[in-house]
1. At each listed q (0.09, 0.17 Å⁻¹), what is the log10 of I(q)/I(0) that the Debye formula gives for the chain modelled as equal alpha-carbon point scatterers?
2. Does anyone have the angle between helix 54-65 and the longest principal axis of the chain? Alpha-carbon axes, 0 to 90°, nearest 10?
3. Counting other beta carbons within 10 Å of each Cβ, put 23, 108, 163 in order, fewest first.
4. Quick check on the exposure proxy: order 69, 133, 46 from fewest to most C-beta atoms within 10 angstrom.
5. Stretch residue 113-residue 75 to full length: gain in nm at 0.36 nm per residue minus the Cα-Cα span?
6. Rank the residues 38, 98 as a footprinting-exposure proxy: fewest other Cβ atoms within 10 Å of their Cβ go first.
7. Set the Förster radius R0 to 22 Å, insert the Cβ-Cβ distance between residue 122 and residue 11 as r into 1/(1 + (r/R0)^6), and round the FRET efficiency to 0.05.
8. Using only the alpha-carbon atoms, how far is helix 14-33 inclined from the longest principal axis of the chain? Give it as 0 to 90 degrees, nearest 10.
């Protein structure tokens, strides 16, 4: 797929454009990891961040999609999401032994679920149902564009440090 062509339409409604930009960032997660050696899937490259591995970051992205769209917006139980564990810091990033291909498939399934949630909403102004923090759906989607794009940049840096691969897309 030509990722340049994967950009959202220049003229479209707000929901289409926001999800289009988010989908592009999600696709870039896979693009940044194409051809990564198996031995590098769980390799940390940042000295003070041992959990910040390609595999750990993909798992984190999957669970952040779940957190924002299912827990915050739909009020699904927090217990389903390892990011809410109190006994293990960053539990969603503890993925030693889990193949990157599996984590990418789980991420893909989660973002497809997130898109279904957004498509099923009456309005981007709809408020989240969790009572602790109540952003509207627009805020959540924009936040996920920011979150995913930031982590794509980290994957870009990881990849360059691991095997020299680099590029805008």
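Coordinate-derived values only; no laboratory data. Predicted, not measured: the structure shown is a model, and the values here were computed from it. Don't worry about glycine lacking a Cβ; one is built from the backbone with ideal geometry, like all the others, and counts go over all protein chains shown.
1. Per q value, in the given order, log10 I(q)/I(0) is -0.31, -1.07.
2. 10
3. 163, 108, 23
4. 133, 46, 69
5. Working it through step by step, the gained length comes to 12.2 nm.
6. By the 10 Å Cβ count, ascending: 38, 98.
7. For residue 122 and residue 11, the calculated efficiency is 0.45.
8. Tilt relative to the chain: about 10 degrees.
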